[in-house]
Amino acid sequence: MLDAQSPTALIAAMAARARDAARLLARADDTAKARALTMAADAIRAAAPTILAANAADVARGETAGLSAAMLDRLRLDDKRLAATADGVAAVAGLADPVGQVIDRSERPNGLRLSRVRVPIGVIGIIYESRPNVTADAAALCLRSGNAVILRGGSEAVESNRAIHAAMVEGIVAAGLPADAVQLVATTDRAAVGAMLTADGAIDLIIPRGGKSLVARVQAEARVPVLAHLDGINHVYVDASADPAMARAVAVNAKMRRTGVCGAMETLLIDRAFADAPALLAALADTGCVLRGDAAAQALRPGMAAADDADWDTEYLDAIAAVAVVDGVEGALAHIDRHGSHHTDAIVAGDAAVAERFLAEVDSAIVLWNASTQFADGGEFGLGAEIGIATGRLHARGPVALEGLTTYKWIGRGTGQVRP
């Protein structure tokens, strides 16, 4: 029985089957992959009662285990969220196939014609926590880009992940593509994660989606290339030139729309010259946000708790925000440089020159002007679903979707050229 195998043997066997499936996917045309995902989306919709019942069991177990409200929010599915998950899979089916796209072409003086063409990466391992919708999003993006995927979700969402995976595979197989294109690690043994991380040569890329401890483990142990998604310590800087109503709307949405997502604002930076700061802080507090500020921020809102050094480097994923008063855009840039995680940062400003400086100098994967950090999402960027927000500088950055799940190869077409 597969479940009786050691984690290392289990992952090796799954990776071997995934490699075979990846070869078939690499040859599958655009129509076949799109049809498979359309049928997978239909299967998720048809299996909604089963998936929601499985999710209810996971949520109940999480409540008993004392998961935080933010973690439970990330875990919980309802009719609307599950419908959005299915719609996301269907949306990926409608996206242009990146495989085979010619990036560029040239002709050498000797007549050799060269082109760079997008190809799948191969076998991708996704290690993630909490959010069961990642099971569908990751499977859809990997399959659409011609990759086989091995999914290892968190134990807190085990029943939800199994139910979504079963529906996905049902649709994929019905469309004539291999079931092994999308595999879910059945065991909750944490050793399976280690086996994936050391499967060099069997798995081509690892993508972690989860908290700091998971990402730290992946980066420390991985022998497989990693596309990292680090903390979302995201800032909103409100410049003196900002429209007060806009500043309130953006800050409240960035923090409180959904506090448990990686695009949520964690630190609010306020220009010392911004005249409407007390009303801005009141607007956040009125939504139930707990504020922790430096001395200057506390002076703007009596009773605010004091922020300590750790607050500037914390991804709360909760209704808590750190607040610092800074000396203009220069102070904001310095604070973000010291404490940012290169994820998503935003400026609210009416002065275009100030805003353009912020956009140019903030070294984050996503930088926004007069918009909420909660737009840090592949769907909002028109990419369909997303595999995660890459915060590194190599290969892919920001919302990673189809293009980020491909690499390229050089193709040369000659007429008998030999090198002198």
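The values are calculated or read from the model by the stated rules, or taken from the named source; none is laboratory data. Note that the coordinates shown come from a computational prediction; the quantities given were computed from them, not determined experimentally. Heads up, the Cβs are rebuilt from the backbone with ideal geometry, glycines too, and the neighbour counts pull from every protein chain shown. Heads up: the accessible areas ignore ligands, DNA and RNA and are worked out on the full protein's heavy atoms, side chains in. Shrake-Rupley method; radii C 1.70, N 1.55, O 1.52, S 1.80 Å.
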Note: GLN417 to ALA32 extended length (0.36 nm per residue) minus current alpha-carbon separation gives 134.8 nm
Scan the chain and report its longest stretch carrying no trypsin sites (Lys or Arg not before Pro) that are both in a DSSP loop and have at most 16 other Cβ atoms within 10 Å. 1-189
Hey, what D do you get for region 273-313 in µm²/s if you plug the Kirkwood alpha-carbon radius into Stokes-Einstein at 4 °C and 1.567 mPa s? 121
Rounding to the nearest 10 and keeping the result within 0 to 90°, find how far the Cα-based axis of helix 7-27 lies from the longest principal axis of the chain. 80
When the label point is put 7 Å from the Cα of GLN101 along its Cα-to-beta-carbon vector, which residues of region 112-155 have a backbone N closer than 11 Å? 118-119
Using only alpha carbon positions, build the gyration tensor of region 60-202, then give the equivalent ellipsoid semi-axes as the square roots of 5 times its eigenvalues, largest first, whole angstrom. 35, 18, 14
According to the Kirkwood expression over distinct Cα-Cα pairs, how big is the hydrodynamic radius of region 41-118, in Å? 16.3
Go ahead and run the numbers for FRET between THR407 and ALA299, Cβ-Cβ distance against an R0 of 45 Å, rounding to 0.05. 0.25
Need one number: nm distance between label points at ALA275 and ASP87, each 7 Å from Cα along Cα→Cβ, rounded to one decimal. 4.2
Bins of 5 Å, beginning at zero and ending with the bin holding the largest distance: percent of Cα pairs per bin for region 288-420, please. 2, 9, 14, 16, 16, 14, 9, 6, 4, 3, 2, 2, 1, 1, 1, 0, 0
To the nearest 10 degrees, how steep is helix 48-65 against the longest Cα principal axis of the chain, on a 0 to 90 scale? 50
D (µm²/s, integer) via Stokes-Einstein for the chain, Kirkwood Rh across alpha-carbon pairs, 20 °C, 1.002 mPa s: value 94
By how many nm would the segment from LEU114 to ALA220 lengthen if fully extended, with 0.36 nm per residue of separation less the alpha-carbon distance? 34.3 nm
Separation of alpha-carbon centers, region 116-187 and region 351-420, rounded to whole Å: 23
Report the label-to-label distance for ASP200 and ALA285 in nanometres (one decimal), using points 7 Å from each Cα along the Cα→Cβ vector. 5.5
Over the Cα atoms of region 228-375, Rg to Rh with Kirkwood Rh, two decimal places? 0.91
Heavy-atom accessible area per residue of region 213-277, all protein chains kept, 1.4 Å probe, expressed in Å², is 34
Expressed in angstrom, Rg and Dmax over the Cα atoms of region 136-236 are 14.5, 47
ALA306 versus SER68: modelled label distance in nm, points set 7 Å from Cα along the beta carbon direction: 2.3
